[in-house]
Structures are given as structure tokens and as C-alpha cells.
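Colleague: Quick one: structure below, then a few questions.
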Amino acid sequence: MALAGNKIRVQSFVQDGKMVVPPQYIQPPDTRPSQNLEKRIDQHLPAAPVIDLSDVNSVHEELGKSCREWGAFQVINHEVPLELLDGMMRVGRYFFEDCTVEQKLGYACDSNSPASEGYGSRMLVSSNDTVLDWRDYFDHHTLPLSRRNALKWPHFSSDYRNTVSDFSEQMSILAQKLLRFIAESLGLPSASIKDGIGEFYQNITVSYYPPCPQPELTLGLQSHSDIGAITLIIQDDVGGLEILKNGEWIPMNPLPHAIIVILADQTEIITNGEYKSAVHRAITNAKKARLSVSSFHDPAKTKIIQPALGPPKYQKVVYGDYYSSWYTKGPEGKRNIDTLRL
């Protein structure tokens, strides 16, 4: 069933049996994952860090090293109930794979508003000429509670809304814990990074990457660094998330019930560049659909972000201005934060 105009979803191409990728999804030669296929399966590639949060003797040292060298890592023994992680993946998959097109479009987002809540496919598009991601998504506005309206979330699975609400709370708790540990790893007061960010504005995005007939030509999510403070991700066993390190794309291999942590731009500013935000992307798979759930934790748009260490290497910035610039220009595979360096 082909859909017209701004209602087009990537999943509809697969359901229609298309064997070639539509032109608007074909990446330029220099950003196609085919440039890195051999390296990706090279056994000598480094593995992204895995940190045991229950190991109180080493957690600060391991976090500091991972934040400084990678800007991304996975955590285990994180105290988030495993049945909640499984439940969040289950209700997300149910929406994409068991609901009809008509049911899903009943929750369609506003395609003319950046990062609007609901079911969509074009969150990062800045112009009609932009190459599109091979991805559909459902974005939930979850925190603060004044932004939350669960009536905008699917109801076809009876526990969908409660699961998202419970997941939101647990991700916020974990994000705050991680920011405390990260601050302490720098010798800063434990609350300094969270205080610099202020109240969390949290979005939870369920991303669905349908099988792609030509994965060597596409990206599920183009290269970028996240603009907020800290992102937490859970994923299924298909894999596809990659981190850019020393010019090479390193796969963030699936680890059961681990949670992926991505440092974002505002944390880099607050740590004065001691810790870097991670450039990452998602590749596609020819045979399997992939599902992930990302929890973004951002400052309020009125919050002024500035380094907590000195001398400052970054200009202070109003987060709303940074946000608007990113959504106007698009990520273009770059770290937009580099424009703020002094």
C-alpha cells in the first residue's frame, strides 16, 4: 500500500515489495556504509566499553576513560528492571508490526514541526533535497510531566501507555545517576552537571528500521551527535548502531539487557571538552528489521549552558538557540558543537 505526500513511511516500501531503494534514500558515495563494510567485520576493531555500574571500586575510573576516549559505552547492572526493558521493546514492536497502517497514521506527527510527537519518518529533514533515513519512528514527549499527554500515545496494546510511563521514570533515574558519576569522575561536585542542565526535558523515541533491499546505499540514521545532555538506548539483537572513533565506524554490538549511553553536546560543553559527545549513525540490514528505543534527556530551551571547568573552551549558549539551529540546518554528519569552540 503506497502512501502519498508527507504520510510516506519506509515500512510501506517493504510491504509493497520494492526491490530497489527509492532515490531520496540513497546516500552520497562518501557517506554510504559500503565504504566501511570490510572494516566492520574486521575482528581487530576495538570493542566499545561495557561498564558494570555495581562495581563501586572501578566505576568512576571506567566511566572517565570511556567518556574521554569514546563518548559512548554500554552499562550493565544498571538496576532498571529487565522485565521493563523487555516490555518496552515488546510494545514498540507491536505498534510497528501488528497495527494496521490506518491505526498507525491515526497517531501521525505534524510533518511541518520539528521533533513533533507521534508517528513519523522525517524528523531530521531540513529541505526536500535532504537524503532521507531508512527509518520510521514514534516520538513520545514524556518529561516534564506538564508536556506529557498519554492520549497521544498508542492504545492498541493495553499496557503501552503504562509501559512508556514506567520506562520514562526509570530512564530519568538512570540518567541522573550517570551524570552524578560522570561529574565525580572529573572531581566535580556530584550535582554539577545535572545542575548545569536543569530539569530534564525527556523524549522517548521508538525507531523501526525495516529490512532494506540495498543496505550498502542507505543509512537508517545519518551521522550526527545528539544535541542534548545524555541519551540512553536499548536495542534488539539485530545490531546496526555505530560509533565514530579515530575515523572508523565501530559497531555497538547488542548485549542482552545492556543500556547504551551516548554523551551529547551539552555535556561536552559543561565538562569543557574533557568529555566528548559521540558521533554515531545506524546502518540497515537486508534481511531483518531492527528496533531500538532512545531516551533523550535535554535542558529546557531557556537554559543557558556553559562550562563548569575553566578556562572556558566553549561559548555559553541558550539551549533553545542551539536546538533551533540544529533543526534548521540539519546535522549534516557533523558535530554542531564545534561552532561554539573558543
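Nothing in this text is a laboratory measurement; each read-out follows from the coordinates by a stated rule. The structure displayed is predicted, hence computed values, not measured ones. Note: ideal-geometry Cβ built from the backbone for every residue, glycine included; neighbour counts use all protein chains shown.
Colleague: Cα-Cα over 24 Å: which of K152/K276; K194/K276; K245/K301; K152/K194; K194/K245; K104/K288?
Modeller: K152/K276; K245/K301; K152/K194; K194/K245
Colleague: If you don't mind, another one. Test of understanding: what is the full-extension gain from K177 to L45, defined as 0.36 nm times their sequence separation minus their Cα-Cα distance?
Modeller: Taking 0.36 nm per residue and subtracting the Cα distance, the gain is 44.5 nm.
Colleague: Out of I305, W153, G187, whose Cα points farthest toward the positive end of the dipole of the stretch 23-340 (charges: +1 Lys, Arg; -1 Asp, Glu; placed on Cβ)?
Modeller: Towards the positive end, the residue furthest out is I305.
Colleague: Set Lys and Arg Cβ to +1 and Asp and Glu Cβ to -1, take the dipole of the chain about its Cα centre, and tell me which of G198, Q103, W326 lies farthest positive.
Modeller: The residue sitting farthest along the positive end of the dipole is W326.
Colleague: Order by neighbour count: T284, T142, fewest other Cβ atoms within 10 Å first, most last.
Modeller: T142, T284
Colleague: Tilt of helix 82-98 relative to the longest C-alpha principal axis of the chain, in degrees (0 to 90, nearest 10)?
Modeller: Tilt of helix 82-98: around 30 degrees.
Colleague: Dipole magnitude of the stretch 120-243 about its Cα centre, charges +1 at Lys/Arg Cβ and -1 at Asp/Glu Cβ only, in debye to the nearest 20?
Modeller: 440 debye
Colleague: Please compute the modelled spin-label separation between R90 and S190, points set 7 Å along Cα→Cβ, answer in nm with one decimal.
Modeller: 3.4 nm
Colleague: Continuing with the same structure: Calculate how steeply helix 59-69 sits against the longest principal axis of the alpha-carbon atoms of the chain, using the helix alpha-carbon long axis, and give the answer as 0 to 90 degrees to the nearest 10.
Modeller: It works out to around 70 degrees.
Colleague: Taking the Cα centre of the chain as origin, work out the dipole magnitude from +1 charges on Lys and Arg Cβ and -1 charges on Asp and Glu Cβ, in debye rounded to 20.
Modeller: That gives a dipole near 700 debye.
Colleague: Could I ask something else about it? Compute the helix-to-body angle for 160-185: its Cα long axis versus the longest principal axis of the chain, expressed 0 to 90° and rounded to tens.
Modeller: Roughly 30 degrees, rounded to the nearest 10.
Colleague: In debye to the nearest 20, how big a dipole does the stretch 62-101 give about its Cα centre with +1 on each Lys and Arg Cβ and -1 on each Asp and Glu Cβ?
Modeller: It works out to roughly 180 debye.
Colleague: Here is a further query. Using the Kirkwood formula on the Cα atoms of the stretch 23-340, what hydrodynamic radius do you get, in angstrom to one decimal?
Modeller: 19.9 Å
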